[in-house]
Structure formats: C-alpha cells, structure tokens
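Here is the structure we will look at, set down as structure tokens.
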Amino acid sequence: MLLHHKFIRTAKQQGAKLAFVDTSAERNVSYSKALIASIILSAKFGRYKPGFLGIMLPTTAGCALSFIGVLMSGRTPVMINYSTGASRNAEYAQRRCGFSTIITSRTFIEKIGCPFVEGMVFIEDIMDGISAAERLKAALISKLPISFILGNMRPVDEDDSAVVLFTSGSEKDPKAVQLTHRNISSNIGSFSSIVDISDRDRILANLPYFHVFGLTINLWTPLFYGMTIISHANPLDFRTICSIIREHRPTLMVGTPSFLWGYLKKSEPGDFKSLRLILCGADKCPDALRQGFMEKHGLILYEGYGTTETSPVISVNVPEHNRPGSVGPVLPGVEVRIENYDTGEDCAPGETGRILVRGDLVMKGYYGDLEETSMRIRHGWYDTGDMGFFDADGYLWHAGRLKRFVKVGGEMVSLVRVENELEKFLPEEVSCCVVEVPDPLKGAKIIAAVTRQIDERQILRKLADNLPNIALPRQFVIIEELPKMGSGKIDFRGVTELVKKKLSDNKQ
C-alpha cells in the first residue's frame, strides 16, 4: 500500500476530525485541512529537481505535512538528524544521496544553532508564498473523488522508496537506509494485528521523525488508522510532556528508555491515567524503569525490538503475551532465525546466536552501498548485527549487538550483560555504559563509564557474585554526561572515545 494514497483515503474519510494537535506550534489541524495543505505543498515541492528532497524539521504537523507533500509530488524524502551536528548531518546526507534541496525552518535552525547550509529552503517562505488562488485550487481538488486525486499523481510502485533514513552512527558512519512503501505499510499491518488500536485512539508523538521508531509508530500508524496525533517537538521537555499527557489525554505512547525515565521522574501520580498502552523500544528496557511505572502509575511497560532496516518492529510484548525482560513474540508475517555464530546452523532454544530477519519489513537496501547491502542481506535474510535467543515458548530475547560482545582471554563477553548486572548495584541517580578498549596482553579490556563517583571496591565485590572474573570491569571512568543519539540511545562510539581520552590523560 502506498503511504500517501492511504493518507488521502484516511483524510477523506475522517474529514473534520483532528489529525494533529501540535503543542509546539499551538495549532490544531483537521484531516481535511491536512489534505489541503499536503496538496499545496505537493505543488510547491514539484518545482524542485526530481529524486530526493531533504527534510530537517522537528516533530510537528509541519514536518508531517511536508513529508506527505514530498511523497505526493513524486519525490522521496530524506530525513535528516538534527539532534547532533545538524549542519554536518545535512551536508553528509546531500553527499551520500546526491541531492541539494533541504526543507527546513528558519526559526528552527536558529533555535538549534545550525548554520545555513547551501540548498536549504525555509518552510516559512514557502507558506508565505502561497496565493489565495493556490489555496482555493487545493481546496477544490480535496473535494474531488479519491480516484481522481490519485489518478493525477505520478505513478509509484509499492517497492519504490518511501523514505531514506540514516542509521544512528553509534558505531560507525551512518548508512542511508531505503525503506519502501511496502516495508512500512506491511510493518504497520503486522504490528496492528496484535496491538489493539483504532481511530478512537489518540497517540502522543514525541519521537523525532528522522528516527524510524517515530516515523512508523508516531506518524504513519496513526495516519493509517485515522487517529489524532498529539505532537511535541522536543522529547527532552520531560515536565512539559507530562503536562501535555494530563491535558490532552492520549491513549497510546511509545518511547525509548532514556525518554521514559525522564517522564517517570517528572510526572505526578494520575498524570498518565488516560494511557492504556505504553511501548518501550530502541534500547533495552531496564527492570527498574518497568518497576517505576508500575509503582507510580500502575502501568505496564511493554518492550519491543526493531531496527531501522526493518521498518522497524520485529517483535513486541503485548497485554495478552508479555514476558518482561524479553522483547516479545515475533510479529505475524515476520520470520526470525537465530544462527550459530560459528557454524551458521539454527540455534536451539536458549542458545544465543545472530538474529536474522526475513519478510516484507526488510529494507530495499543501503543507498549507494551495494557491498554493505549484500553483506547484510544474504539469501533474503537480513543480518541485524544483534545477538539473541528464543526461549522454549517462542519469546525473543535480545542479548546485545554483536559488536558489543568482546573476546577477553579467548572467551566472548557480553558488554550488555555486564551493564545489566552493574545497574543493579549502582545508586539510582548514576548511569553507566560499559565499553572495551584495546589491551596489549588480553586483546581487550572492559571499562565502565559512570556518571558519578561510586564505591568501586564494593561494586566489584557484588559483581563478582554474578559475573565471571574476565567480565569484571578493570577500571571505572567518570563521564558526568554520557553522550546520546537523537533517539535517546547512548552513543557507544562517543563514550568509547571519551573513555580513551580520559585514560590517556590519566597516564600523562
């Protein structure tokens, strides 16, 4: 199913119902007005060079409508990460995908301190340039039968790219992921077949649309089902978002652990009483976070798992099938196999191996990188780069990135497991990230970065009861604020570089 075609059908059906409650811009947009705006923007974007069009806008109705307008114009949106190094990311996207025009906002880039990048076009100027005649024409078109509106658009196939997103770059340079209309629509279909959602739901959209979790779950899923999207541009406005939930009463919310921690700490009992379902993804959900939501709000956090390359959802816990600590059963229509790292054979239940995925959710490929694509998609199976296992009941358990397994003294050690154990003994206000650095004798040395001074000897004594000696951190390094990606994930590469610098400085 084509995304913009589905939006047009939904908009025609929902009419005056609110599509967006934009808390950042302080405006409401009905489905009928959203359709008119998309038609106008489509005509404006149709004047630019065919192919890719960059979008660098926060989570607002304006960003959503720009995305739809780009698709309706027959072009492919390239979503640009503005959370860290916005200008650098914009220029990287231009080089990688070979385009120049980026739709952004003058007010927005001034707010985030992003310098002007050649090719930037400001949405304020586009909107100011809309004539009364253009508005009238778009309004008239929006009243025409669906078949007429669709028939006057550039023909597009379900296997054509619907968006280009960039991987987080937490381990190496970001890759340009091409997701098709089929990828995203199939993932929405699989996800919604086990998660009870309808047009009666109202969803909080606080995740950035340059992140696949936000794009699929916070934008396209509600547009497919005619929900009202309650958007807020900055997911780090913890107290403000708690107030928004209390005032606008969404029924659904998704988030990353980092953001959910902030909402938990800044919320008051009763703030989240309208929510019937909260999904946690993009990173491991700590047991303490689950416990905190239950104790303070009586709400269960349901954890899921996905990747940018899989549109994103692979598995998810739901009320009927929930096993805390796991990432849930695999979605209908999705195949997952666990491959033994050494033999390539299927792993038995409980045996950890590579997580491979097959189905319509798997990306078209990395743009301009056939070699990397062929390395990650083999015989139709996408290698997630993650390690995990199935339990006897078919629940998937995520054991961490393959790159977060290190060989110490000839044995494989999971840095994620070390983190999980370490978190149990750290004071509540202390965060941690476990990384490896080269060691001339053992090949690798495990270092724990923590955000506050701790009693290292006491912590190590407790860890020794739960971890083998080779997995114990050899040193603790204080980094007061762990660098993070725009999604809230910890930037492992950034932490590793900071740790190396600290260790180097200490030697001098």
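The values are calculated or read from the model by the stated rules, or taken from the named source; none is laboratory data. Note that the structure is predicted; figures quoted are calculated from it, not measured. Don't worry about glycine lacking a Cβ; one is built from the backbone with ideal geometry, like all the others, and counts go over all protein chains shown.
A few remarks follow.
- Only one of Asp360, Asp271 that is modelled with pLDDT of 95 or more, farther than 25 Å from Gly385 by Cβ and assigned to a loop (DSSP other than H, G, I, E, B): Asp271
- Only one of the listed residues (Ser190, Ser186) is out of contact with any Ser or Thr (no Cβ under 6 Å at 6 or more places or on another chain), within 30 Å of His297 (Cα to Cα) and in contact (Cβ under 8 Å) with a residue 24 or more places away in the chain. That residue is Ser190.
- When residues of the stretch 72-91 are limited to those that are hydroxyl-bearing (Ser, Thr, Tyr) and within 17 Å of the chain's Cα centre (by Cα), the one surrounded by the most Cβ atoms within 10 Å (Cβ to Cβ): Tyr82
- Some residue of the stretch 403-416 being in a loop (DSSP other than H, G, I, E, B) and more than 30 Å from Leu179 (Cα to Cα): yes
- Test: residue in the stretch 94-117 that is closer than 30 Å to Gly304 by Cβ, among the charged types (D, E, K, R) and at pLDDT below 95: no
- Criterion violated by Asn218 - all others in (1) more than 17 Å from the chain's Cα centre (by Cα); (2) closer than 23 Å to Phe272 by Cβ satisfied: (1)
- Residue in the stretch 238-248 that is buried (at least 24 other Cβ atoms within 10 Å of the Cβ), part of a loop (DSSP other than H, G, I, E, B) and either within 14 Å of the chain's Cα centre (by Cα) or not basic (Lys, Arg) (or both) present: no
- Pairs with Cβ under 6 Å, 6+ apart, first in the stretch 354-381 and exposed (fewer than 14 other Cβ atoms within 10 Å of the Cβ), second at pLDDT 95 or above and in a strand (DSSP E or B): Glu372/Tyr366; Gly380/Arg358
- Residue list for the stretch 473-494, filter: within 13 Å of Ile446 (Cβ to Cβ) and either of a type outside the set (A, V, I, L, M) or in contact (Cβ under 8 Å) with a residue 40 or more places away in the chain (or both): Pro473, Arg474, Gln475, Phe476
Yes/no per residue for (1) in contact with a helix residue (DSSP H, G or I) (Cβ under 9 Å, 6 or more places away or on another chain); (2) over 28 Å from Lys484 (Cα atoms); (3) of a type in the set (Phe, Trp, Tyr):
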site: Met153; (1), (2), (3): yes, yes, no
site: Arg182; (1), (2), (3): no, yes, no
site: Ile188; (1), (2), (3): yes, no, no
site: Leu207; (1), (2), (3): yes, no, no
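- Among the residues of the stretch 124-135, the ones that are over 34 Å from the mean Cα position of the chain (by Cα) and loosely packed, with under 11 Cβ neighbours inside 10 Å come to 3 in all.
- Checking Glu110 against (1) surrounded by 13 or more Cβ atoms within 10 Å (Cβ to Cβ); (2) over 22 Å from Tyr48 (Cβ atoms), the condition it does not meet: (1)
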